[in-house]
Each structure stands twice: as C-alpha cells, then as structure tokens.
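Remarks on the structure that follows.
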Amino acid sequence: KSRAYVDSARVGLWGWSGGGTYTMLGMTRSAEFAAGIAVAGVTDFRFYDTKWAEEMMKTEKENAGGLAGVSLLPHAKSLHGRLLIVHGTYDDNVHIQNAWAFADERFDMMIYPMRMHGISDTPARVHLYSTMLDFWTTHLGSR
C-alpha cells in the first residue's frame, strides 16, 4: 500500500482452500482490504474433513480449546470490506458447512451444486472466474 502505483483504497485478496481461510482471516482481523474472495475456505476445523482436521488439530475431545481458538466463526461479525464466499455442495474436503456457518449479512455467496473442492468442470470454472471478475469490478472498481 505504500507504493505510489497502488491505490490503497482498492486492495483485495483471494484464495482457495487454505487461501480462502486466510482471506477470511485477513478480512476479519484487518481493515486493510476493500474486498476478498474465499473459495472453499475452512471456517471451523470441526467442519473440515476429519482426515485432515484430526491430523492437524486432533479430535474435539483431545483439543476442544485448540479447535475453538482457531475457529473463524466468532469473527464473522468483524468482517471488513466486501466478501464473496464460494463453495461446492459436494466438497468432501472442506465441507459446505464451513460456508453456511460463516455467513453474515455483509457478503456475497456463490454456491456450485454437485461440485467438489476443485469446482473443476469447465462450465463451472468459466462461470466462477467470470463471477470473480464481476465481483472485483463492482467492489474494487476500474481505472
């Protein structure tokens, strides 16, 4: 933001999976971003696939405080900027409950029925990137 060529009022961030988690983390813990797109982000490890969640965080019984401590759900009300949440309903890795649980009144949402974590079929992928471009144009503007 300190560079002369950067419009500090129009900074956005986006990510997929872990990057989607970091996008939501950044937008709830900082007012630095005007907009963000989170695709298939983990909002609470209790909604993550147990294979990965338990490998990283252990079970609820073993680490209830740790799981609660990294949950983004209590921070949803602190969202700064405009957020587009994207998720596939058949995501067997980052389950759709992550998107539903984080939903707050200041977001846009695009749900892809019968799509998995990668939202990888051509029609859905073309639609997704077109939606993302429209979102950036609307919320960050153009020169």
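The values are calculated or read from the model by the stated rules, or taken from the named source; none is laboratory data. From a predicted model like this one, the values you see are computed outputs, not experimental measurements. All Cβ positions, even for glycine, are placed from backbone atoms using ideal geometry, and neighbour counts span all protein chains on display. Ligands, DNA and RNA are excluded from the accessible area calculation, which covers all protein heavy atoms including side chains. Shrake-Rupley method; radii C 1.70, N 1.55, O 1.52, S 1.80 Å.
At least 3 residues being surrounded by fewer than 12 Cβ atoms within 10 Å (Cβ to Cβ) and out of contact with any strand residue (DSSP E or B) (no Cβ under 6 Å at 6 or more places or on another chain) is the threshold, and among the helices (runs of 4 or more DSSP H) wholly inside region 1-72 those reaching it are 50-57, 60-70.
Yes/no per residue for (1) more than 14 Å from the chain's Cα centre (by Cα); (2) of a type in the set (Gly, Ala, Ser); (3) more than 17 Å from Thr21 (Cα to Cα):
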{"site": "Asp92", "(1), (2), (3)": "yes, no, no"}
{"site": "Ala101", "(1), (2), (3)": "no, yes, no"}
{"site": "Asp104", "(1), (2), (3)": "no, no, no"}
{"site": "Pro113", "(1), (2), (3)": "yes, no, yes"}
{"site": "Arg125", "(1), (2), (3)": "yes, no, yes"}
{"site": "Tyr129", "(1), (2), (3)": "yes, no, yes"}
{"site": "Gly141", "(1), (2), (3)": "yes, yes, yes"}
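Can you tell me which of (1) over 23 Å from Ile119 (Cα atoms); (2) touching a helix residue (DSSP H, G or I) at 6+ places or on another chain (Cβ under 6 Å) is the one Val6 doesn't meet? Checking Val6 against (1) over 23 Å from Ile119 (Cα atoms); (2) touching a helix residue (DSSP H, G or I) at 6+ places or on another chain (Cβ under 6 Å), the one that fails is (2).
Scanning region 110-125 for residues that are of a type outside the set (D, E, K, R), free of Cβ contacts under 8 Å to residues at least 60 places away in the same chain and open to solvent by less than 90 Å² (accessible area, probe 1.4 Å) gives Met110, Ile111, Tyr112, Pro113, Gly118, Ala124.
Just the residues that are surrounded by 15 or more Cβ atoms within 10 Å (Cβ to Cβ) and either part of a helix (DSSP H, G or I) or in contact with a helix residue (DSSP H, G or I) (Cβ under 8 Å, 6 or more places away or on another chain) (or both), please, taken from region 89-102. Asn93, Val94, His95, Gln97, Asn98, Ala99, Ala101, Phe102 - these are the residues of region 89-102 that are surrounded by 15 or more Cβ atoms within 10 Å (Cβ to Cβ) and either part of a helix (DSSP H, G or I) or in contact with a helix residue (DSSP H, G or I) (Cβ under 8 Å, 6 or more places away or on another chain) (or both).
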